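As structure tokens, the structure follows; a few thoughts come after it.
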Amino acid sequence: MEKLLTVSIAAYNVSAYLRKALDSLCVPDLLGELEVLVVNDGSTDDTPDIARDYERRYPGTFRLIDKENGGYGSTVNCGVREARGKYFRLLDGDDYFDPANFLAFFRQLRTSTADLLLTPFSKKRDVEGSAPELKEQAWHSLIGRVLTPSETDTPLICGIWHMTVLTERIRRNLVKLPRHTLYTDQLFAFCAMAGASKIAFCGEAVYVYRVGRDGQSISAKSLRAHYADELKVLKKMLRLYAKSPLVTDENRAMLLIRMGRYYYFGYRTVCLLLRSAEHYHLLKSVERTAKKWCPDVYEEAGRQSLKIRLMRRFGGLFYCAAAGRESLWAK
């Protein structure tokens, strides 16, 4: 049977979580049309043994791909290259899907003509007994509709947790994601959005995203430790927005809102660093780069963020008051 959907799982030392992720995909009505790639990124724990067990129990559905450690982006590159399904979706090895919502979404996918489908997601605290909580989306009012990029005037602040994309489209449009670099999921999301001609908005919260786990890349501690990765990805996104043929008159307004938001994320990360002249000059360098390459993104970021506007107006005075204050930059 032809595969309708490939789910590619980035798996690095996730043996404590992987069975939950794989069990959430074991929906009997879907196994024939579903392909699950477990891309083992050089794990040193039992991650590949767990994946191999599911490969044995569900032949033709689960497939283990062993590779040397290359970081998250390398697992995505591998998954896109190896996918056999008509559509493609990402899942982190420490997250999972809601099986009932996944089944309902899959039924919609069977008749979809869109090349990008967006679904809400839930957040789950990594605490025993906690229940997933639905994350409200700005585009909630669009659920049930299929729109072109120029018709989507509601901000699409979305990431890999929301996205199911036509495989041939993402394979053609995805830039090669850099190895050993965090936050490359932002590049995947940008390419998926930029390459879309029809976007479907679905109501099922398929993805369950664990939060509050030690070492998570979105924590303030990790952002500080890996700020260079965040800025590397931001600069690559600015180049894409400025030069990629995927950015057209049809989708520019939609992408500009996303770029303004992600610019804020990079800006915020620098401001989370300890206050210093070096970090202030780094912030000013980021600003100069954005203003030179993408003046519309520079302006959009200021429109979206009062803190950026205050920094630009008062410079070092606001920086001295705001730098390193995690509570101020939490949102």
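Laboratory data are not the source of any read-out in this text; all were calculated from the coordinates shown. Since this is a predicted model, take the numbers as computed values, not measurements. Virtual Cβ from ideal backbone geometry, glycine too; neighbours counted across all protein chains shown.
A few notes on this one:
- Using the Stokes-Einstein relation with a Kirkwood hydrodynamic radius computed over Cα pairs, the translational diffusion coefficient of the stretch 85-174 at 4 °C and a viscosity of 1.567 mPa s comes to 88 µm²/s.
- Long hydrophobic helices in the chain, taken as whole DSSP H segments with a C-alpha length of 30 Å or more on their own axis and mean Kyte-Doolittle hydropathy at least -1.0, are absent.
- Spread of Cα-to-Cα distances over 10 Å intervals beginning at zero, given as percent, for the stretch 151-199: 24, 55, 19, 2
- Separation in nanometres of the label points that stand 7 Å from Cα toward Cβ, at Asp49 and Ser276: 4.3
- Other residues within the sphere of radius under 12 Å centred on the Cβ of Ser74, judged by their own Cβ, net out at +2 (K and R +1, D and E -1).
- Extent along the principal axes, Cα only, for the chain: 61, 44, 35 Å, with the longest axis given first.
- Theoretical FRET efficiency, 1/(1+(r/R0)^6), r = Cβ-Cβ of Ala225 and Asp29, R0 56 Å, to 0.05: 0.80
- Applying the criteria of a DSSP loop state and at most 16 other Cβ atoms within 10 Å to the trypsin sites (Lys or Arg not before Pro) of the stretch 156-199 yields Lys176, Arg179, Lys198.
- Computed magnitude of the charge dipole of the chain (debye, nearest 20; Cβ of K, R +1, Cβ of D, E -1): 1360
- Dividing the Cα radius of gyration of the stretch 135-270 by its Kirkwood radius returns 0.95 for Rg/Rh.
- Rounded D (µm²/s) - the stretch 240-308, Kirkwood Rh over Cα pairs, Stokes-Einstein at 4 °C, 1.567 mPa s: 102
- Value of relative contact order over the chain, rounded to a whole percent, pairs C-alpha under 8 Å and six or more apart: 17
- Positive contributions from Lys and Arg (+1) and negative ones from Asp and Glu (-1), summed over other residues with Cβ under 15 Å from the Cβ of Gln108, come out at +1.
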